[in-house]
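The structure under discussion appears below in the form of structure tokens.
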Amino acid sequence: LGSLLTVDGLAVSEVSRILALTSHLEAMAPEERSQVLKGRRVALLFYESSTRTRTSFELAAKSLGATTTLVSDKSSSIEKGESLKDTGLTLRALGAECIILRHPAGGAPFVLAQTTGLPVLNAGDGMHQHPSQALLDLRTILSRLGRTDKPVDEHVLDGVTVTIAGDIRHSRVARSNAMLLPRLGARVLLCGPPELLPEEALGLGDGIEIVRDFDAALKRSQVVMMLRIQRERLAGLEIDLADYIIHYQLNEERLQAYAPRAVVMHPGPMIRGLEIQGEVADSAQSAIEEQVRHGQAVRAALLVRALEQA
Ligand code: CP
């Protein structure tokens, strides 16, 4: 109850409720906001590095009056071999009421929720899911396309095509967005070379298609979401980076030729000069910093949702 483990099974009405709660909390004065979770205890349990997700969850929790504690695999008894279960039970014994987990193994948040009985917010599990990222991406898209006044339902993204380009194979962000956006009416085009986007990559559902030609995908898109090549997950897979840049880098020339009005997004961390040119990341078309800000806002709502049901 209150957990967010995957976007699969998250009803559209619940997505709508989360975004409404996000806006409600955002509109509060800081003093009022700091009372919402006053005295509640949130643990951040991170087995992989993170800048945006960890910091935004932490700042969101603090702005609501909660106390936070960070446990990272690099500086805790996890290094000595303590299991996920025992780490979770220890945090619970110390008073944690909600755990935010990032873990390299897909499914780890389900295990933690089951073994601790606490609400768990999945902050990214391996190549599986990154549900809070998909929600913040949705809020960014709605905001940039001027659709925030529409009800968040199965039609809110009607007529919107989103290209997700790059390393789809290893991307939990792609998986969560490809699961969420078509349910709200969007068409999702997945774009990348076969080694980073195998035909069987995502179990294509309604509203999703593979388009190998990046320029062709851009021509059809109102939104383009670029992904980093996840070198840490390549496991021996060789990528010809020079060739990759020619075919899949989002550069100024390509953007102006094929999608001069598209919203440019990237979940971060981005590698300037590889999947995206620095000029594009810094351009007026880029919503990358807005994504970060929406992340903090959405994560505040997820914390309230988790703790109001705990
Ligand atoms: N988008 C994202 O998950 O970024 P971090 O790895 O910095 O948290």
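Nothing in this text is a laboratory measurement; each read-out follows from the coordinates by a stated rule. These figures come from a predicted structure and were not determined experimentally. When we count neighbours, we look across all protein chains shown, and the Cβ atoms used for this are built from the backbone with ideal geometry, even at glycine.
Search region 18-51 for residues being free of Cβ contacts under 8 Å to residues at least 12 places away in the same chain and outside any helix (DSSP H, G or I), and hand back the single one that is farthest from the ligand (Cβ to nearest atom). Among them, the one singled out is Ala29. Of everything listed in (1) under 21 Å from Leu136 (Cα atoms); (2) touching a residue at least 40 places away in the same chain (Cβ under 8 Å); (3) in a helix (DSSP H, G or I); (4) of a type outside the set (Val, Ile, Thr), the single unmet condition for Leu91 is (1). Any idea which of (1) buried (at least 17 other Cβ atoms within 10 Å of the Cβ); (2) away from the ligand (no atom under 15 Å from the Cβ) is the one Lys85 doesn't satisfy? Just one mismatch for Lys85, condition (1). Do you know which residues across region 28-49 are small (Gly, Ala, Ser) and out of contact with any helix residue (DSSP H, G or I) (no Cβ under 9 Å at 6 or more places or on another chain)? Ala29, Gly39, listed by residue number.
When restricted to residues that are more than 16 Å from the ligand (Cβ to nearest atom) and part of a helix (DSSP H, G or I), region 52-77 contains 4.
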